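The values are calculated or read from the model by the stated rules, or taken from the named source; none is laboratory data. What you see is a predicted model; the values in this text were computed from it and never measured. All Cβ positions, glycine included, derive from the backbone under ideal geometry; neighbour counts span all protein chains shown. Calculation scope for accessible area: heavy atoms of the full protein, side chains included, ligands and nucleic acids excluded. Shrake-Rupley method; radii C 1.70, N 1.55, O 1.52, S 1.80 Å.
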Amino acid sequence: MRIRDSKRRNKPAIAAMVLGALVSFQAGGARADDTAAEIRLLKARLKQLEERVAEQGRREKETQAQIRHAAAQPLPPPPPYAYPIGIGLPQQPPIGNTLAERLAKIKGYPYVGSSSLVLGGMSITPGGFLELASVTRDHFIGADIATPFGNIPFANVPSSHTAEFRFSARRSRLSFLTLGDVDPATHLSGFGEFDFLGAAQTANSNESDSFNLRIRQLYMTVDNDAFGAHLLAGQAWTLATMNVVGIVPRTENTPLVIDDQYVPGFVWARQPQIRVTKDFDQTLWFALSAENPQTTFGGTTPTLIDAGAIISTVGAAGVTFPQTSVVGGSLFNNANAISLNQFPDIIGKVAWDPVIGDRTIHMEAFGIFRDFHDRVIFPFGTFGPVIPNHNNEVAGGGVGGSILVPIVPKVLEARFSGLTGRGIGRYGASQLADVTFNSDGSLAPIQETMLLAGLTWHAIPGLDFYTYAGEEVQGAKFGFSIPKGNTPFGLGNPAFVNTGCDIEFFGTGAGASACTGNTRLVRQITGGFWDDIYKGPFGRLAGGLQYSFTQKFAFAGIGGTPERNENTFFTSLRYYPF
């Protein structure tokens, strides 16, 4: 700096010497007036030079001041790390208008964002919501915010002739998401989601595993981007449940309804499982899972009448006793039955997300394999059992698929899904039976088909309308006891008595048993909306309203075909702190 300052101080002197030399050089041969003009010109140029030197000095001082100021400031923090969401997906952008983001926003799934805590290389993101919901039904069921569609009572139940209203805060939800990277290509995560919609008798393995504090989901994932390989272990939505994109946890395409049992025709379960997934460029996905088994039963057990004179009258002679379940043991509720399952349910799935024009269409196809097991115990005769006790085993399963189409991208989406097969009842929202019985006491898987269609309209940012229509229908499976008596058994037997299904009973007695009422069909149409009342730095407050019309039909029998309609209104007020 001293050298540059010295040069600046010498520049006027140098310019003066140059001017003097020029004057001396031309003094002898120039005229007086020419010399004066040249001197004025040189003085003007000298003044310009001095001004430029002064301006340069001023700029250099400003630059040095800026450098000193910047050096005195602390270094800016490094940009946040791009933690992946789900299985190998890029960093999740802020909540926007994509379908997956809006679904997660409504359902309270956590996203990595401003509320995340970073501990070492791990991020921890809280999630969930606080809710006050209400339900109003025109026929009393005695259920909370989740409607047992298959248990809608026929008119013979006295309490069903009164309406039902209740508030509920039990679906208020807590969740957390942890994310960490072993290396740039390998990611570990854990997710937990809990609510309070459980009670002793709903704590079973049928569909939602409602153990208090109710575990909705609790699983870990290991993902490797380099190989497109993914592992999930823990309790999560079944692989058969439709996704919004790929086969990615936390993007399940569940209906937006307030009813926590969702919609008849919706294929779902939340249960322990281990799942492996392979993606190809995150466009084509293949997955295979082994999931917790459980069997649900329906219909009437067969009776063997006068099977032989060798049968004694000890106990219930002439009756088969198929043992299908046992009471809950250690760490299970002993009032709930645990079915005799020996193998997990096996589910395979393929998903494809092709880009067509300006939209991405999501398509899925899947298959379920199930194994059913029971122990047939025959009565003892005078000289031992007529037929030895033995095990029976039968296979079941089904195939299904779904499609999600953005009719108008980010504005209107349509969905359709279905599943058909034998012994798949517990995977439907109506919880119809998986199996009934054959004449020898073995299990008979029931044929069933589930269908669901829906539309979601994002009218304006923060306001979503939805409508769904779905149904679950079963086929009859029945027989008659032999060699004489012809006692009907099974599911949907036309000899079953339904004469009392439409008559309100008073007390108990013979009339109270005159309604077999095996369920054949449950269907529903529903609609509603969600609206952001407030969204800002203090969280989000959302309100929702839903109406549903549900019909339940029984199989035809002696006395007719019973049916019952249920009109239901739901409201919800939710606060999302995170």
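Miscellaneous remarks
- Output for the range 177-193, where each listed residue is of a type outside the set (Gly, Ala, Ser) and under 13 Å from residue 110 (Cα atoms): 177, 178, 179, 191, 193
- In the range 246-300, residue nearest to the chain's Cα centre (by Cα) [restricted to those that are farther than 16 Å from residue 454 by Cβ and acidic (Asp, Glu)]: 260
- Count of the range 539-578 residues, restricted to those that are of a type outside the set (Ser, Thr, Tyr), crowded, with 20+ Cβ neighbours inside 10 Å and out of contact with any helix residue (DSSP H, G or I) (no Cβ under 9 Å at 6 or more places or on another chain), is 6.
- Answer residue from the range 359-409, given it is open to solvent by less than 20 Å² (accessible area, probe 1.4 Å) and among the aliphatic types (A, V, I, L, M) and is modelled with the lowest pLDDT among those: 376
- Condition met for residue 503 (farther than 23 Å from residue 436 by Cβ, not basic (Lys, Arg) and not in a loop (DSSP other than H, G, I, E, B)): no
- Residue in the range 420-454 that is surrounded by the most Cβ atoms within 10 Å (Cβ to Cβ), counting only those that are among the aliphatic types (A, V, I, L, M) and closer than 13 Å to residue 373 by Cα: 435
- Considering residues of the range 528-578 that are part of a loop (DSSP other than H, G, I, E, B) and in contact with an Asp or Glu (Cβ under 9 Å, 6 or more places away or on another chain) only, the residue modelled with the highest pLDDT: 562
- Residue in the range 275-297 that is assigned to a loop (DSSP other than H, G, I, E, B), out of contact with any helix residue (DSSP H, G or I) (no Cβ under 9 Å at 6 or more places or on another chain) and buried (at least 22 other Cβ atoms within 10 Å of the Cβ) present: no
- Among the residues of the range 531-548, just one is of a type in the set (Phe, Trp, Tyr) and touching a Lys or Arg at 6+ places or on another chain (Cβ under 9 Å), namely 534.
- Taking first residues from the range 33-57 that are touching a residue at least 24 places away in the same chain (Cβ under 8 Å) and partners that are of a type in the set (Asp, Glu) and surrounded by 12 or more Cβ atoms within 10 Å (Cβ to Cβ), no Cβ contact under 9 Å between residues at least 6 apart in sequence or on separate chains turns up.
- Qualifying residues in the range 203-246 (those that are among the polar types (S, T, N, Q) and at pLDDT below 90) - the one surrounded by the fewest Cβ atoms within 10 Å (Cβ to Cβ): 212
- Test for residue 96: is it at pLDDT 90 or above and loosely packed, with under 14 Cβ neighbours inside 10 Å: no
- Of all residues in the range 135-145, none satisfies being within 25 Å of residue 552 (Cα to Cα), of a type outside the set (Phe, Trp, Tyr) and part of a helix (DSSP H, G or I).
- Checking each residue in the range 450-473 for being of a type outside the set (Ser, Thr, Tyr) and within 13 Å of residue 265 (Cβ to Cβ) picks out 450, 451, 452, 453, 454, 469, 470, 471, 472, 473.
- Taken over the range 180-202, the residue count meeting the criterion of being over 21 Å from the mean Cα position of the chain (by Cα), open to solvent by 50 Å² or more (accessible area, probe 1.4 Å), at pLDDT 75 or above and hydrophobic (A, V, I, L, M, F, W, C) is 1.
- Of all residues assigned to the range 124-144, at least one qualifies as being open to solvent by 40 Å² or more (accessible area, probe 1.4 Å), within 22 Å of residue 248 (Cβ to Cβ) and modelled with pLDDT of 70 or more.
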